[in-house]
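Comments concern the structure below.
The values are calculated or read from the model by the stated rules, or taken from the named source; none is laboratory data. Keep in mind that what you see is a predicted model, and the values were worked out from it rather than measured. Positions of Cβ are backbone-derived with ideal geometry, glycine not excepted, and every protein chain shown enters the neighbour counts.
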Amino acid sequence: MAEFMLLERNNLILGRMLKLDKITKYYETTESNIRRLVLDELSLEITKGDRIAILGPSGSGKSTLLNVMSSLDLPNSGTVKFDDEEISSYNSNQLAQFRNKKIGFVFQAHHLLPQLSLLENVLLPYLPEKDRAVKKEAEKRALHLLDFVGLSNQIHQRPGQMSGGECQRAAVVRALIHEPKLLLADEPTGSLDKASADQLAKLFVRINEEQGVTMVVVTHSQDLAEHMKRICRIENGKIKE
């Protein structure tokens, strides 16, 4: 018992952020009643300040794992703890609040709205906000982040006037606008040329080291993975480091 308490205390000191314990996830097809196992009692711990790449072939469960981390998808069994709170038991409202406050997402496609300017796209998460002071602070943060990623001269341009790499950097800013604790990226360089992909990889390093944002990136790219502090591989539904 004393050893367990010491281990838990050490985990808190080290700043454990996310713990996945024996996560199992499967999908059933209604037609054939066949169960497809994707995650098989998978366990993984992420500490504050981590920068992790998860590698694996298509269909290996990388995106499913990311969805479970973010609570977009719930496991069939096992527990997900964020800052030592078990989020896998949250109700739908609690899960929505958790994602809104704690998680930032970057996808392979930037999903910027073509009719909006770069700044408007970044501030889109604040569209429902009624408090003018909050909106003003959000705009200040947006301008600071856009400068941080090298887009301060393009805030009035629309996505169609920008390169793919620039649009993806803008999508990263949008993911950071709520000051999330954890940034999750799903194949973020998958649609970029090599130069833009390398630029985005270096940006992720800066965000992690200078802004203190913990990040998990799932990718096919060995080049992107090598910019991370840890590289994990997902095989047969389990994680190997």
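For this structure, a couple of remarks:
- Complete set of residues in the range 65-86 that are touching a Lys or Arg at 6+ places or on another chain (Cβ under 7 Å) and closer than 29 Å to R206 by Cβ: V68, S70, S71, K81, F82
- Residue match in the range 14-34 (condition: out of contact with any Lys or Arg (no Cβ under 9 Å at 6 or more places or on another chain), surrounded by 14 or more Cβ atoms within 10 Å (Cβ to Cβ), basic (K, R) and part of a strand (DSSP E or B)): yes
- Of all residue pairs spaced 6 or more apart or on separate chains, those with beta-carbon atoms under 9 Å, a first member in the range 195-214 that is over 16 Å from I46 (Cα atoms) and a second member that is assigned to a helix (DSSP H, G or I) and basic (K, R) are S196/R169; Q199/R169; L200/R169; L203/R169.
- Residues in the range 38-62 that are at pLDDT 90 or above and more than 17 Å from K240 (Cβ to Cβ): 4 in all.
- Here S191 fits the description: touching a Gly at 6+ places or on another chain (Cβ under 7 Å) and surrounded by fewer than 22 Cβ atoms within 10 Å (Cβ to Cβ).
- In the range 51-87, the residue that is farthest from the chain's Cα centre (by Cα) out of those that are without any contact (Cβ under 8 Å) to a residue 40 or more places away in the chain and surrounded by 19 or more Cβ atoms within 10 Å (Cβ to Cβ) is I87.
- Positions within the range 115-144 being closer than 16 Å to Q157 by Cβ and of a type in the set (A, V, I, L, M), in sequence order: L116, L118, L119, V122, L123, L124, A142, L143
- Summed over the range 200-241, residues that are over 18 Å from L183 (Cα atoms) and not in a loop (DSSP other than H, G, I, E, B) total 8.
- Going through (1) modelled with pLDDT of 90 or more; (2) surrounded by fewer than 15 Cβ atoms within 10 Å (Cβ to Cβ); (3) of a type in the set (S, T, Y) one by one, S92 falls short only on (1).
- Residues in the range 141-166 that are among the hydrophobic types (A, V, I, L, M, F, W, C) and not in a helix (DSSP H, G or I) were compared, and the one that is surrounded by the most Cβ atoms within 10 Å (Cβ to Cβ) is L151.
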